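Here the structure comes first, spelled out in structure tokens, and everything after it is commentary.
The values are calculated or read from the model by the stated rules, or taken from the named source; none is laboratory data. These figures come from a predicted structure and were not determined experimentally. Heads up, the Cβs are rebuilt from the backbone with ideal geometry, glycines too, and the neighbour counts pull from every protein chain shown.
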């Protein structure tokens with residue numbers, strides 16, 4: 001069988017394919033890695049093609065990484081659940097922009113906006129400062145120490 005750089009997709013599954021190996025159900029890509037290289041232990045089996053969710057099991061596309069790398073890959077592939085894609089999101093991106101536009105210190109206060117949108121004053125503060133709902137990215141502006 002000739003080696004290929006194309007994805008090998010394991011189809012016929014509603015979600016990411018899971019298969020039994022040694023009496024344990026696991027993601028198909030993890031099973032392929034385990035058969036070829038041995039148990040990866042606590043490490044994640046990641047995909048250079050970013051098509052693991054679609055069922056890619058090509059050994060040439062698999063590599064090991066830690067949880068932080070797994071999260072970076074998830075974000076790079078557009079699978080992170082930030083903003084409106086997060087099932088727990090109370091506000092939409094348009095509402096967050098409307099909050100930024102409406103906020104006027106000591107005139108239209110954060111407390112007023114919080115009451116109007118049914119969220120906490122802290123959430124409004126985070127939106128206004130760009131810590132939340134900043135074009136889909138969370139930006140930590142940090143806190144300034146007094147005297148800075």
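Find the residue count for region 63-119, including only residues that are at pLDDT below 80 and in contact with a strand residue (DSSP E or B) (Cβ under 8 Å, 6 or more places away or on another chain). So the answer is 1.
Only one entry of 36, 60 meets the criterion of being loosely packed, with under 12 Cβ neighbours inside 10 Å and within 20 Å of residue 5 (Cα to Cα), and that entry is 36. The residue pairs whose first member lies in region 26-43 and is more than 16 Å from residue 60 (Cα to Cα), whose second member is in a loop (DSSP other than H, G, I, E, B), and whose beta carbons are closer than 6 Å, counting only pairs six or more residues apart or on different chains, are 27/16.
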